[in-house]
1. Do we find a residue being buried (at least 16 other Cβ atoms within 10 Å of the Cβ) and acidic (Asp, Glu) anywhere in the range 645-663?
2. Select from the range 375-394 the residues that are open to solvent by 10 Å² or more (accessible area, probe 1.4 Å) and either within 22 Å of Ala447 (Cβ to Cβ) or among the aromatic types (Phe, Trp, Tyr) (or both) and list them in ascending order.
3. Quick one: which strands (runs of 3 or more DSSP E) sit completely within the range 440-558 and have at least 1 residues that are in contact (Cβ under 8 Å) with a residue 40 or more places away in the chain and surrounded by fewer than 22 Cβ atoms within 10 Å (Cβ to Cβ)?
4. Return the total of residues in the range 166-198 being at positive phi and within 16 Å of ligand 2 (Cβ to nearest atom).
5. Give the number of residues within the range 421-447 that are charged (D, E, K, R) and in contact with a Leu (Cβ under 9 Å, 6 or more places away or on another chain).
6. Which of the residues belonging to the range 623-649 are closer than 14 Å to Leu472 by Cα and part of a helix (DSSP H, G or I)?
7. What number of residues within the range 147-180 satisfy the criterion of being within 15 Å of ligand 1 (Cβ to nearest atom) and within 17 Å of Leu83 (Cβ to Cβ)?
8. Would you please name the residue that is most open to solvent (accessible area, probe 1.4 Å), looking only at residues in the range 266-286 that are within 16 Å of ligand 1 (Cβ to nearest atom) and either closer than 30 Å to Val137 by Cα or not in a loop (DSSP other than H, G, I, E, B) (or both)?
Amino acid sequence: MNIAAVDSKPAVQLDLKKMANAVRALSMDAVEKAKSGHPGMPMGMADVAAVLFAKFMRVDPANPHWPDRDRFVLSAGHGSMLLYSIHHLLGFADMGIDELKNFRQLGSPTAGHPEYGHALGIETTTGPLGQGISTAVGMALAEKLLAARYGADLVDHHTYVIAGDGCLMEGISHEAIDLAGHLKLSKLIVLWDDNQISIDGPTSLATSMDQKKRFEAAGWHVQSVDGHDPAAIEQAIAAARAENGKPSMIACRTVIGYGAPTRAGTAKAHGEPLGTEEIAGARAKLGWSYEPFVIPEDVKDMWRAIAARGAASHAAWSARVAASPKADAFTRQAATELPADFAGKMVAYKKELSETAPKVASRKASEMVLGVINAATDLTLGGSADLTHSNYTITKGLGSVTPDDSAGRYIHYGVREHGMAAAMNGIALHGGFIPYGGTFMCFTDYARGAMRLSALMNQRVIYVMTHDSIGLGEDGPTHQPVEHLAMLRATPNMLVFRPADAVETAECWQAAIEADATPSVLALSRQGLPTLRKAHTEENRSAKGAYVLKEADGSRDVTLLATGSEVEIALAAADMLAGDGIKAAVVSMPSWELFEKQDDTYRASVLGSAPRVAVEAAARLGWDRWIGEKGAFIGMEGFGASAPAGKLYEYFGITPQAVADAARRLTA
Ligand SMILES: Cc1ncc(C[n+]2csc(CCOP(=O)(O)OP(=O)(O)O)c2C)c(N)n1
Ligand SMILES: [Mg+2]
């Protein structure tokens with residue numbers, strides 16, 4: 001077995017300086033060949049990375065998804081060549097030397113910034129500064145919660161982050177640091193590339209922050225080291241690992257572009273090829289005499305010893321899992337596998353809802369549905385950015401996660417929408433949980449950077465966005481989303497659901513949970529909505545994106561399209577029109593994206609050939625796709641206002657009367 005193989009080999013003598021220089025050389029050569037990229041950061045942090053991997057990281061390149069591997073997050077994603085060089089040296093199957101030579105080229109796994117899913121072992125997409133460190137908080141949190149459930153025998157790994165000055169200047173880092181310190185995520189270790197340089201020049205141009213004090217104030221264990229002194233780095237990482245109650249930050253004082261004769265220590269090293277002369281100078285200075293992209297066998301062996309050690313750790317772990325009484329439960333949870341009876345329970349509850357026909361806000365319906373979901377599976381991990389009792393995101397028995405109690409399934413993310421979204425990405429990427437979290441829909445703006453990454457990374461993160469229109473009333477235009485649905489719908493690979501009643505809410509939740517490679521937004525009302533779907537259907541009608549809720553009595557004169565709280569308005573308008581002998585069908589469109597995926601025949605059958613009027617208490621942008629050239633739209637043209645919801649609908653002309661009038665004009 002692996003362990004014996006490693007033990008029987010003569011121990012490889014590690015030369016940490018040579019190991020680091022291999023990373024430096026590959027990084028500057030690849031950037032040079034691509035004629036673009038960022039050599040400075042990999043060259044500056046090569047010593048730190050070499051120590052981290054050589055002495056601590058448990059990674060098995062042959063099994064990159066091994067659940068108990070250490071996580072490495074390159075938050076300073078522009079330094080992607082650091083990661084690609086390391087993966088090449090470790091022997092990742094998809095990271096041969098040709099891939100490094102193809103850095104930044106179309107179709108190559110070595111994209112400009114590390115992209116989750118593009119190459120094995122990339123734990124998260126980084127590049128938007130601040131996201132990596134904040135995503136890592138979610139990974140470390142998931143680890144802590146799983147360790148509490150399954151014990152250190154099965155779950156015991158670290159999350160290491162390399163973050164730059166830029167990551168720490170970004171506001172999201174503050175949310176993340178605060179949350180991690182509060183939750184005592186002691187297996188989170190951040191290595192700060194303290195090179196005092198960013199793009200514009202020295203960081204002193206823009207910041208006087210004492211980062212160490214900032215981390216300390218948030219409850220972190222903080223150390224400083226010379227980032228080019230391997231022994232000091234090793235000692236600091238060991239001390240960080242020994243720290244029990246706190247996450248750790250190590251300020252690694254480094255020189256950007258270390259080795260480059262004229263550019264080292266300057267912003268010129270940050271983001272452009274060094275050029276032939278500077279590279280030749282760096283080779284001489286580093287004592288690295290090999291040709292571009294050539295790594296000597298002895299250095300390769302040093303890096304591959306890390307992979308062998310990882311494989312041995314993995315094998316030992318697999319043996320522990322096999323012997324564990326919790327093996328089955330753990331394996332299911334680690335794979336985030338829904339129980340077989342999940343769908344059946346959802347359909348049964350939907351039936352109950354159509355029979356009891358509650359008149360509740362869709363946020364309340366969401367809470368009722370979550371009661372069923374959270375009881376049906378323990379994979380869900382709920383939370384809210386301090387709006388638990390407005391978002392209705394907690395259900396009976398979930399229990400709050402606190403710094404010293406990891407048994408619960410509910411996270412109080414605090415007033416940190418962006419940090420919450422990034423942490424949920426990390427939780428989903430880690431595996432083991434389906435994270436959902438709430439805030440007011442207007443504040444999707446605050447969470448946007450991380451929500452975009454949920455979509456780009458194909459992560460199942462569910463955003464419970466309540467107070468979804470002027471229907472929230474008195475809190476006024478600062479809180480009333482208008483343009484948000486358009487923004488969310490414009491985001492690729494994002495499912496946006498706006499259910500019209502309790503039955504649709506159950507259907508949308510089920511579709512969101514079952515969409516395992518797509519984030520979802522549930523846009524939910526504050527105001528009460530009647531149950532419109534009183535006839536039970538086995539089929540998830542919302543999963544088709546749109547469907548005919550009420551067919552016209554005879555051939556259609558007009559089709560009324562609506563979502564969420566405005567479906568009720570469309571139904572009332574159809575009744576008014578019937579009084580005038582105008583035959584209107586009503587289509588509910590809870591998810592444009594899912595409707596777009598249906599075949600032409602189905603879409604045509606729903607939309608019909610009669611003129612169309614759409615009603616939605618939001619911006620028009622996007623609706624022309626559905627109403628066509630000659631259609632009409634009833635909705636918002638500007639910001640909302642502060643008043644009771646009913647008054648606002650009248651004031652902004654989003655009424656059955658207005659919809660009926662528009663229909664009459666189209667059919668005249
Ligand atoms: C959110 C975000 N804003 C701006 C950028 C563009 N950008 C890339 S790197 C960088 C400077 C980062 O400085 P630092 O983290 O110190 O990196 P170093 O120059 O030390 O490598 C900037 C502004 C970005 N990638 N993400
Ligand atoms: Mg810097």
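1. Of the residues in the range 645-663, the ones buried (at least 16 other Cβ atoms within 10 Å of the Cβ) are 645, 648-649, 652, 654-656, 658-663.
Next, from what is left, pick out any that are acidic (Asp, Glu): 661.
Looking for residues that are buried (at least 16 other Cβ atoms within 10 Å of the Cβ) and acidic (Asp, Glu), one finds at least one in the range 645-663, hence yes.
2. Here is the first cut: in the range 375-394, the residues open to solvent by 10 Å² or more (accessible area, probe 1.4 Å) are 375-376, 378, 386-390, 392, 394.
Asp386, Leu387, Thr388, His389, Ser390, Tyr392, Ile394 - these are the residues of the range 375-394 that are open to solvent by 10 Å² or more (accessible area, probe 1.4 Å) and either within 22 Å of Ala447 (Cβ to Cβ) or among the aromatic types (Phe, Trp, Tyr) (or both).
3. Values: elements: 462-466, 495-497, 520-524, 547-550.
Passing ranges, in order: 547-550.
4. From the range 166-198, those at positive phi are 184, 196; that's our starting set.
In the following step, the residues that additionally are within 16 Å of ligand 2 (Cβ to nearest atom) were identified as 196.
Residues in the range 166-198 being at positive phi and within 16 Å of ligand 2 (Cβ to nearest atom): 1 in total.
5. Here is the first cut: in the range 421-447, the residues charged (D, E, K, R) are 445.
Retained after the next criterion (residues that are in contact with a Leu (Cβ under 9 Å, 6 or more places away or on another chain)): none.
Matching residues across the range 421-447 total 0.
6. Residues of the range 623-649 that are closer than 14 Å to Leu472 by Cα, as a first pass: 639-649.
The answer is Ala645, Gly646, Lys647, Leu648, Tyr649.
7. Here is the first cut: in the range 147-180, the ones within 15 Å of ligand 1 (Cβ to nearest atom) are 161-176.
When the remaining residues are screened for being within 17 Å of Leu83 (Cβ to Cβ), the result is 161-164, 166-167.
Total meeting the criteria: 6.
8. Residues of the range 266-286 within 16 Å of ligand 1 (Cβ to nearest atom): 266-274.
With the extra rule that they be either closer than 30 Å to Val137 by Cα or not in a loop (DSSP other than H, G, I, E, B) (or both), the set shrinks to 267-271.
Details: Ala267: 31, Lys268: 99, Ala269: 0, His270: 29, Gly271: 38 Å².
The extreme case among them is Lys268.
The values are calculated or read from the model by the stated rules, or taken from the named source; none is laboratory data. These figures come from a predicted structure and were not determined experimentally. Ideal geometry is used to build each Cβ from the backbone, glycine not excepted, and the neighbour counts take in all protein chains shown. Only protein heavy atoms, including side chains, enter the accessible area calculation; ligands, DNA and RNA are left aside. Shrake-Rupley method; radii C 1.70, N 1.55, O 1.52, S 1.80 Å.
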